[in-house]
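Asks: One structure, as C-alpha cells, below. Some questions next.
The values are calculated or read from the model by the stated rules, or taken from the named source; none is laboratory data. The structure displayed is predicted, hence computed values, not measured ones. Neighbour counts run over all protein chains shown; Cβ positions are idealised from the backbone, glycine included. These area figures cover heavy atoms from the full protein model, side chains too; ligands, DNA and RNA do not enter into them. Shrake-Rupley method; radii C 1.70, N 1.55, O 1.52, S 1.80 Å.
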Amino acid sequence: MSDVRLENISKRFGDTLALEEVSLHIHDDEFFVLLGPTGAGKTTTLRVIAGLEKQDDGHVYLDDMLMDGAQPADRDVAFVFQQYSLYPNMSVYDNLAFPLRSPLRRLPEGEIRQRVTEAAEKLRITHLLERKTARLSGGEMQRVSIGRAIVRQPRIFLMDEPLSNLDAKLRESLRVELKHLQKTQGSTTLFVTHDQIEALTMADRIAVLDQGRIIQNGTPFDIYDRPSTTFVAQLVGTPRINLIAAEWQDGAYRTPGAALSFARQNGAAAEKVLVGVRPEDVRPGAGDFRGEVVLVEPLGVETILHIRTGEITLLCVVSGLSSIQLGEVLSFGFAVERLHFFEMNGRRL
Amino acid sequence: MRYVNSSNVKGRPVSQVNAQRGLSSRQETVPPAGRRQLSDMRIVQLFILPTIILLILMNIFPLIYSLFLSFTNYSVISSDPPVWVGLENYTHILSDPDFWHNFATTGTYALLSVSLQTIVGFALAMLLRSKFTGSGIITTLVLVPMMLSPIVVAVFWRLIFNPSFGILNPILGFTDINTSPEWLGDPALALWAIVIVDVWQWSPFVMLLCLAGLSAIPEYLYEAAAIDRASAWFQFRRITLPQVMPLLLIAVLFRTIEAFKQFDLVQGLTFGGPGDATETVSVELYRLAFQGQFETGLSSALAYIVLVVIIAISNLYIRALNRLREG
C-alpha cells in the first residue's frame, strides 16, 4: 500500500516561484507522469516528495503520514536521477547492494545477494555485476541506477527523466522495460519527463505542469482528447495540433485569412476563438475546402502533408505512404466532432 | 605596399622578379607571404632550440657531470684535477653511521610533516568546502603562508619559538621561563618545531588540491546516498574519500619530494642543531659541498643517493595513483 498526496505545495528559489499551490494524489500501483517543459517545476516536485528540497508551503503525505519534516532517509522513497548517480569506484554489485547495506536496515548478506541477483535479472544486467561502474555504457549505467531503486521495496519510485540522456533506440526499449517492470512489480511510480511520447505511452495518469502550476490532470486519453488549454494541446501530439484563429460569422466560425469555416453545434460561445484541429483530423480527399500541398514528409508508417489554404498552412497526417504529390491542389475536410474550441486566452470552451 | 616589398627577393625590383618567375601582372595582386619563406619546421626549431640549449646547459650537463664527479675525489677549491676513485664515495657514505643518522632524521621528518599536512589540509578543505559568508577571504588568508619565502617564515618562527619573549609558549600556557620548552634548543623538540612550521606553511597546499577535488564531486551523489540511507561516515568513506584520493595523492607526492629535500627551513631555524638533531640530508649535503673541505665528489655521490631515494618513493606514489585511475 502506497499513497502519495501533495497538498498546495509552494516553493520559491529566491525571487522565482518554482511551484505554486501544487496538489497531487498518486494512488497505489499507479504509474503517474509529470509532464511539462524545462523549468516547469517537475524536478522540484520530485525533490520535495523525496525530502531533498523543503517546500515553503503545503504538506506532503506518504501513506497518510505527514512527512513535512522527515529526512530523505526516513521517507522510504527511491530516486532515479537524470544523471547516472552511481557510486564511482564500486562494482555494479556493490552499487546495487548499497541501499540494502545501510546501517539502518542491517539485512543479512545472503538476502542482499538474493535481492541484488533478482533485480539484476529483471534489468538484464547480471553479466555486469562484477564490473566497475566507470566502464559501463550510458544505458547500462541507467539500468544499474534503476536497479538500485528496485532492490528495495520503497513506497514510491521517483524517476527524474531517467531516459533523457539515452539515445533514441535505447530510450524506446528501456521505456517498454520500465512500464513492464512497473506493471509486474505493482510499484507506485512518479515519473518526470518533458517527452510527451514517454508520458502518453507509459502513464496511467498524467499531470501537465507549466511554470509551477498544474494545468491539467487526467488519463492520457483526457490529456490528448480533451486538452484543457492550448498549452496542453500543443504539448502532446506529434505533429503539433493546428491552432486557427476564427471569428463567429453567419452561424459558423470563419477564418479571416482563409476560406475555412467550423460549425459548432452549441452555437457561438465567444466572438473570437482558437480552433484546434489535430493533424489526423484533417481529412484530405473529400470536403468543402481546397488547398495546395506545399510539403510532403513521408515517415513510412504515416505521411505528414503541409496544406496551404489562403494564409494558413495546416498539418495533416495520413497513414502509410501517400501518393499525394508536392504542389497538388486537393480538397479536404475536418472530423467535425473532434474539433477543439479554445478562448483566445487559451482556455477550453 | 608592404606585400610588394616582401616579395622583393634579394632587393630586385618587383617587375624583374615577376618577369623571372613568368608571372602575369594579374597574379601580382595575390599577396605573396614573405613569412612563408620560413617553413613550419624551421619555425618549430627556432622556438624549441633555445629551450633545448638552456636545458642542456643548465640541467643535463650538470646532471651528467655531477654523476661523473661522484666517482672522483674532486674538490672545487683544490687545483687538482678530478681523480677516478670508483665507488669509494658511495661505500663511504653508505657505511658511515652519521649519514644513516641524517637519512633517519630526514625520513622521520618527512613522515611526520607529510602526514600532519595531509590531515590538517584535508580537514581545512572539508571545513571550507561549503560556501558561507567570508569563506572566500578565509580561504585566501589560509593560503598566505604558502606564498612566503621559507627564510622569512623561518626567521619569524624563530621569534615565535623564542623561549624568553616568543609568543608560542605563553599561548600554550608556559609562563615560567625556567620550565617552558626550548623549542629550538631541545634535541627532542627541535625536529617537531620544524615539522610545526612546515605544516603551518604547506597544509594550505594540500587544502587547495583537496578543495579542487571536493568541488568536483557532484551533489547528486550525496543526494542519492541520503535517499539510500547511507550514514555520514559511509558517505565520507564511499563517496568523498575515493573521489578526492587522486588529487590528495598528488599533493602528498609533491610534499614528500619537498620534505626529502628539506633545507631552507632547517637552515633558517636550527642550522641542523642542536648537535645533529635536525641535520637532514640536504643540510649535510650543503655542508659537504660548500663548507669546510668543499668535498665536491663526495657530496655529488650523496646527492645521487638522495635522487635515487626520491625517484623510488615517487614511483610508489605514481603506481598507487595509476591503480586509482584504473578504478
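Asks: Please specify each residue of segment B:276-326 satisfying the condition of being part of a loop (DSSP other than H, G, I, E, B), open to solvent by 40 Å² or more (accessible area, probe 1.4 Å) and in contact (Cβ under 8 Å) with a residue 40 or more places away in the chain.
Replies: Taking segment B:276-326 first, the residues part of a loop (DSSP other than H, G, I, E, B) are B:276-280, B:291-295.
Next, only the ones that are open to solvent by 40 Å² or more (accessible area, probe 1.4 Å) stay: B:276, B:291-295.
Passing the criteria: B:Asp276, B:Gln293, B:Phe294, B:Glu295.
Asks: Restricting attention to segment B:153-209, and to residues there that are open to solvent by less than 70 Å² (accessible area, probe 1.4 Å), touching a Ser or Thr at 6+ places or on another chain (Cβ under 8 Å) and of a type in the set (Val, Ile, Thr), which single residue is nearest to B:Gly275 (Cα to Cα)?
Replies: The residue in question is B:Ile194.
Asks: Scan segment A:89-111 for residues that are more than 22 Å from B:Arg323 (Cβ to Cβ), assigned to a loop (DSSP other than H, G, I, E, B) and open to solvent by 10 Å² or more (accessible area, probe 1.4 Å) and jot them down. Before the answer, list the steps.
Replies: Quick first cut of segment A:89-111, residues more than 22 Å from B:Arg323 (Cβ to Cβ) only: A:96-111.
Add one more test, that the residue is assigned to a loop (DSSP other than H, G, I, E, B), and what stays is A:102-108.
The answer is A:Pro103, A:Leu104, A:Arg105, A:Arg106, A:Leu107, A:Pro108.
Asks: Out of A:Glu292, A:Glu328, report the one residue that is within 20 Å of A:Arg240 (Cα to Cα), acidic (Asp, Glu) and either in contact (Cβ under 8 Å) with a residue 12 or more places away in the chain or open to solvent by 70 Å² or more (accessible area, probe 1.4 Å) (or both). Give the derivation first.
Replies: Numbers: A:Glu328 fails: within 20 Å of A:Arg240 (Cα to Cα).
Checking each option against the conditions leaves just A:Glu292.
Asks: Moving to a separate point now. In segment B:204-239, what count of residues is obtained for those that are small (Gly, Ala, Ser), part of a helix (DSSP H, G or I) and facing chain A (nearest Cβ under 10 Å)?
Replies: Step one: filter segment B:204-239 for residues small (Gly, Ala, Ser), giving B:212-213, B:215-216, B:224-226, B:230-232.
Still in the running and part of a helix (DSSP H, G or I): B:212-213, B:215, B:224-226, B:232.
Applying the additional criterion that residues be facing chain A (nearest Cβ under 10 Å) yields B:224-226.
Number satisfying all stated conditions: 3.
Asks: Could you say whether any residue in segment A:27-44 is buried (at least 21 other Cβ atoms within 10 Å of the Cβ), at negative phi, within 14 Å of chain B (Cβ to nearest Cβ) and part of a loop (DSSP other than H, G, I, E, B)?
Replies: no
Asks: Here's a follow-up. Restricting to segment A:193-219, count the residues that are farther than 18 Å from A:Thr238 by Cα and open to solvent by less than 10 Å² (accessible area, probe 1.4 Å).
Replies: 4
Asks: Surrounded by 17 or more Cβ atoms within 10 Å (Cβ to Cβ) and closer than 22 Å to A:Val192 by Cβ, is that true of A:Gln153?
Replies: no
Asks: Restricting to segment A:130-150, name every residue that is more than 14 Å from chain B (Cβ to nearest Cβ) and surrounded by fewer than 23 Cβ atoms within 10 Å (Cβ to Cβ).
Replies: Initially, segment A:130-150 is screened for residues more than 14 Å from chain B (Cβ to nearest Cβ), giving A:137-140, A:143.
A:Ser137, A:Gly138, A:Gly139, A:Glu140 - these are the residues of segment A:130-150 that are more than 14 Å from chain B (Cβ to nearest Cβ) and surrounded by fewer than 23 Cβ atoms within 10 Å (Cβ to Cβ).
Asks: Anything in segment A:137-168 that is free of Cβ contacts under 8 Å to residues at least 12 places away in the same chain and at positive phi? List them, or say none.
Replies: None; the set is empty.
Asks: Does segment A:285-294 include one or more residues that are touching a Phe, Trp or Tyr at 6+ places or on another chain (Cβ under 6 Å) and of a type outside the set (A, V, I, L, M)? Break it down into steps so the answer makes sense when it comes.
Replies: Of segment A:285-294, the ones touching a Phe, Trp or Tyr at 6+ places or on another chain (Cβ under 6 Å) are A:287, A:289.
With of a type outside the set (A, V, I, L, M) added as a condition, the list becomes A:287, A:289.
Yes, segment A:285-294 contains a residue that is touching a Phe, Trp or Tyr at 6+ places or on another chain (Cβ under 6 Å) and of a type outside the set (A, V, I, L, M).
Asks: Tell me, which helices (runs of 4 or more DSSP H) wholly within segment B:58-162 include 2 or more residues that are free of Cβ contacts under 8 Å to residues at least 60 places away in the same chain and over 30 Å from B:Pro246 (Cα atoms)? If you could, list the steps in order and put the result at the bottom.
Replies: Details: elements: B:61-69, B:88-95, B:97-127, B:135-147, B:150-161.
It comes to B:61-69, B:88-95, B:97-127, B:150-161.
Asks: Filter segment A:63-88 down to residues that are surrounded by fewer than 17 Cβ atoms within 10 Å (Cβ to Cβ) and without any contact (Cβ under 8 Å) to a residue 60 or more places away in the chain and give me whichever is farthest from the other protein chains (Cβ to nearest Cβ).
Replies: Top of the filtered list is A:Leu66.
Asks: Regarding A:Val60, is this residue more than 9 Å from every other protein chain (Cβ to nearest Cβ) and buried (at least 17 other Cβ atoms within 10 Å of the Cβ)?
Replies: Here the answer is yes, as A:Val60 does meet what is asked.
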